[in-house]
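Next up is a structure, given as structure tokens.
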2 protein chains.
Amino acid sequence: MFFRIVLVWLFVSNFSFAYEELALLPRFPPIPADNPQSAEKIHLGKQLFFDQRISEPQTFSCATCHNVMSSGENNLRFSQKPDGTFSRHAVPTVWNSAYLNSFFWGGGASSLEEQSEGPLEEMGLGDTARVVKRVAAIPYYATTFKTIFVDEPVPLNLKNLTKALAAYERTLITPDSAFDRNKLNAEEKSGLSLFKSVGCINCHGGAMFTSDTLQAFPVYPGSNYETKYKLNLEPDHKWKVPTLRNIELTAPYFHNGSVGSLDEAVRVMAKTQLNKDLVEGDVKKLSAFLKTLTGKQPIQLLPRLPKLAD
Amino acid sequence: MFFRIVLVWLFVSNFSFAYEELALLPRFPPIPADNPQSAEKIHLGKQLFFDQRISEPQTFSCATCHNVMSSGENNLRFSQKPDGTFSRHAVPTVWNSAYLNSFFWGGGASSLEEQSEGPLEEMGLGDTARVVKRVAAIPYYATTFKTIFVDEPVPLNLKNLTKALAAYERTLITPDSAFDRNKLNAEEKSGLSLFKSVGCINCHGGAMFTSDTLQAFPVYPGSNYETKYKLNLEPDHKWKVPTLRNIELTAPYFHNGSVGSLDEAVRVMAKTQLNKDLVEGDVKKLSAFLKTLTGKQPIQLLPRLPKLAD
């Protein structure tokens, strides 16, 4: 009888908490069948990722906003775009994006390849063809696309540009966090327990600490935080649940970058998403745990960029 | 009698061509006595050089315009500045700037330290104090300045910021050009002879291929080039003679970036500065020689940037 109860409990708990398990970061991210990795493609993608000259104003690269010297984004609330206007939302981190299946705060892309079309359109001031043209005008790129996408009639096109970029981005992995190495101290372990018992894990589960789905924010309207941080300005206030990996580095927080400190972000989340007022001790423990999700960012060797002309 | 004539000729030629000798790039640049190099200072300078967050809009670093993945500048005519306005002149290359004693197109600075105050002022939207404040707000920088400038009452100030940046920039050397390795082919050797006989060497001498002084441009007014490339727009049209090292990479050319091809730049120079119309064969030879001045750009390992807050 006791065992039957335990079995039922296990079944029910696994079922109802289907998204609630945490997992270590897998050593390698999934690689799509139609975009296999190769050293040449990764290197090409890296050059393109860093090359400002392929944007229409010739001053923006992927690396301009996705800073791989620190957080994989730019630590800004809003970001100036190539056309001079500002983004409405904070830039998500590129670190470990290889493990995600949903991109942009509105979840409007389902692969890194698809995601990169957004920034490339911005870099082309509304037209990706402008970027393709700039890439094609650099002799080395024209040749290299032919070498890598050798079987295709038009090797240098938007699709292959996004494939090369995605291939490089799939190398931007931050392994060996304290969490992944199972090196949590007592306070951090308490934080992990709270993370589960308070309910953070409901949305921030899995290896990436995200359900990778859209979620209403705030779930519980009417809090002071909602007014203070302008959380409810946009009519359909549903946002892609962001990863918590490297969260220590990616302030300011939320879609609108309205909160600067991790402690405050924890308070806001508990209140608006779970209707809970945390005591300060628990806030500290949760933040301490979240800081164990900071991985080792691989040092990047800057690529040599090709000459504009032969 | 013959030997006396030769001796007189040697004396006269050495005298009249005092600035006209070329030299190999010295293995190490001069280091000012008040800013000795150290590994720690160079690394700090490198972090600051790449850190966008120290500019007032948090989006501009030295590396934004001085691209060390390619030409040491940005291959643009005019460059958008942190305040949104555009520069009036093209960005000079940071490569080998350690060997220069005159900076900016107007020659307004005489050391790398002094030079860096200009961009830092732009990054602070007119006030370098804003940049110092942003640097000081990042805990790691505050600590590191204390460690490196240990004997000073105020370790983190503008002066030491420029010292750290200059220390890093003095490592941005491109050695081993074909010219420095004495590996010129026949066409390039002809180009070198022309470089001397046509008179390019009058201003572009020394190890850096520049007199490092201001020079009228155009010297001979009234050419078609003057109108075509708007060479005479500014009242006092005297500009710092730029280095020709890595000239192959630093298009577009001249203070106003008005000429895109090296061949055309050679034609314009010969006509406006020396009143000579070159035959096309000589243009090609001169360009071929100038391309032997492309050195080996050292691959840069991107630094890890410190966290915004502890």
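The values are calculated or read from the model by the stated rules, or taken from the named source; none is laboratory data. Please read all numbers here as calculations on a predicted model, not as lab measurements. No Cβ is skipped: glycine too gets one built from the backbone with ideal geometry, and neighbour counts run over all protein chains shown. For accessibility, only protein heavy atoms count, side chains too; no ligands or nucleic acids. Shrake-Rupley method; radii C 1.70, N 1.55, O 1.52, S 1.80 Å.
Residues in the range B:120-128: is at least one open to solvent by less than 50 Å² (accessible area, probe 1.4 Å), part of a loop (DSSP other than H, G, I, E, B) and within 26 Å of residue B:29 (Cβ to Cβ)? Talk me through it step by step, then tell me what you get.
Step one: of the range B:120-128, the residues open to solvent by less than 50 Å² (accessible area, probe 1.4 Å) are B:120, B:123-124, B:128.
Subsequent filtering for residues that are part of a loop (DSSP other than H, G, I, E, B) retains B:124.
Filter again for within 26 Å of residue B:29 (Cβ to Cβ), leaving none.
No: the range B:120-128 contains no residue that is open to solvent by less than 50 Å² (accessible area, probe 1.4 Å), part of a loop (DSSP other than H, G, I, E, B) and within 26 Å of residue B:29 (Cβ to Cβ).
Here's another thing I want to ask about it. Is one or more of the residues making up the range B:212-224 assigned to a helix (DSSP H, G or I) and more than 15 Å from the chain's Cα centre (by Cα)? Walk me through it before giving the result.
Start the filter on the range B:212-224 by keeping residues that are assigned to a helix (DSSP H, G or I), which leaves B:224.
Now restrict to residues that are more than 15 Å from the chain's Cα centre (by Cα): B:224.
Scanning the range B:212-224 turns up at least one residue that is assigned to a helix (DSSP H, G or I) and more than 15 Å from the chain's Cα centre (by Cα).
For the range B:237-258, indicate whether the set of residues that are part of a loop (DSSP other than H, G, I, E, B), of a type in the set (A, V, I, L, M) and within 14 Å of chain A (Cβ to nearest Cβ) is non-empty.
Of all residues in the range B:237-258, those part of a loop (DSSP other than H, G, I, E, B) come to B:237, B:241-246, B:250-252, B:254-258.
From what's left, of a type in the set (A, V, I, L, M): B:241, B:244, B:251.
Now drop any that are not within 14 Å of chain A (Cβ to nearest Cβ), which leaves B:251.
Looking through the range B:237-258, at least one residue is part of a loop (DSSP other than H, G, I, E, B), of a type in the set (A, V, I, L, M) and within 14 Å of chain A (Cβ to nearest Cβ).
Further, regarding this structure: Of these, B:39, B:90, which one is open to solvent by 20 Å² or more (accessible area, probe 1.4 Å) and either more than 7 Å from chain A (Cβ to nearest Cβ) or among the basic types (Lys, Arg) (or both)? Lay out the reasoning, then the answer.
On the way: B:90 fails: open to solvent by 20 Å² or more (accessible area, probe 1.4 Å).
Matching residue, one of B:39, B:90: B:39.
Next up: Checking residue A:183 against (1) touching a residue at least 24 places away in the same chain (Cβ under 8 Å); (2) crowded, with 16+ Cβ neighbours inside 10 Å, which test does it fail?
(2)
Going through the range A:50-87 one residue at a time, which ones are within 11 Å of chain B (Cβ to nearest Cβ) and in a helix (DSSP H, G or I)?
A:50, A:52, A:53, A:63, A:64, A:65
Residue under question is residue A:70, and the condition is that it be in contact with a Phe, Trp or Tyr (Cβ under 8 Å, 6 or more places away or on another chain) and among the small types (Gly, Ala, Ser); does it hold?
Numbers: in contact with a Phe, Trp or Tyr (Cβ under 8 Å, 6 or more places away or on another chain): no; among the small types (Gly, Ala, Ser): yes.
For residue A:70, the condition - in contact with a Phe, Trp or Tyr (Cβ under 8 Å, 6 or more places away or on another chain) and among the small types (Gly, Ala, Ser) - is not met.
Do we have any residue at all in the range A:140-153 that's open to solvent by less than 20 Å² (accessible area, probe 1.4 Å) and farther than 22 Å from residue A:31 by Cα?
For the range A:140-153, residues open to solvent by less than 20 Å² (accessible area, probe 1.4 Å) and farther than 22 Å from residue A:31 by Cα: present.
Please specify each residue of the range A:241-261 satisfying the condition of being open to solvent by less than 50 Å² (accessible area, probe 1.4 Å) and within 17 Å of residue A:201 (Cβ to Cβ).
Within the range A:241-261, the subset open to solvent by less than 50 Å² (accessible area, probe 1.4 Å) is A:241, A:243-259.
Within the range A:241-261, A:241, A:243, A:244, A:245, A:247 meet the criteria.
Hey, does the range B:201-217 have a residue that's more than 22 Å from residue B:115 (Cβ to Cβ), in contact (Cβ under 8 Å) with a residue 60 or more places away in the chain and either open to solvent by 40 Å² or more (accessible area, probe 1.4 Å) or within 14 Å of chain A (Cβ to nearest Cβ) (or both)?
Yes, the conditions are met somewhere in the range B:201-217.
Would you mind telling me which numbered condition in (1) more than 12 Å from chain B (Cβ to nearest Cβ); (2) of a type in the set (Gly, Ala, Ser); (3) farther than 21 Å from residue B:84 by Cα residue A:126 fails?
Of everything listed in (1) more than 12 Å from chain B (Cβ to nearest Cβ); (2) of a type in the set (Gly, Ala, Ser); (3) farther than 21 Å from residue B:84 by Cα, residue A:126 misses just condition (3).
Now a separate question. Regarding residue B:108, is this residue open to solvent by 50 Å² or more (accessible area, probe 1.4 Å), among the small types (Gly, Ala, Ser) and farther than 22 Å from residue B:68 by Cβ?
Criteria met by residue B:108.
Which one of B:291, B:285, B:276, B:296 is within 14 Å of chain A (Cβ to nearest Cβ), touching a residue at least 12 places away in the same chain (Cβ under 8 Å) and either more than 30 Å from residue A:298 (Cα to Cα) or in a helix (DSSP H, G or I) (or both)? Please lay out each step first, then the result.
Details: B:285 fails: within 14 Å of chain A (Cβ to nearest Cβ); B:276 fails: within 14 Å of chain A (Cβ to nearest Cβ); B:296 fails: either more than 30 Å from residue A:298 (Cα to Cα) or in a helix (DSSP H, G or I) (or both).
It is B:291.
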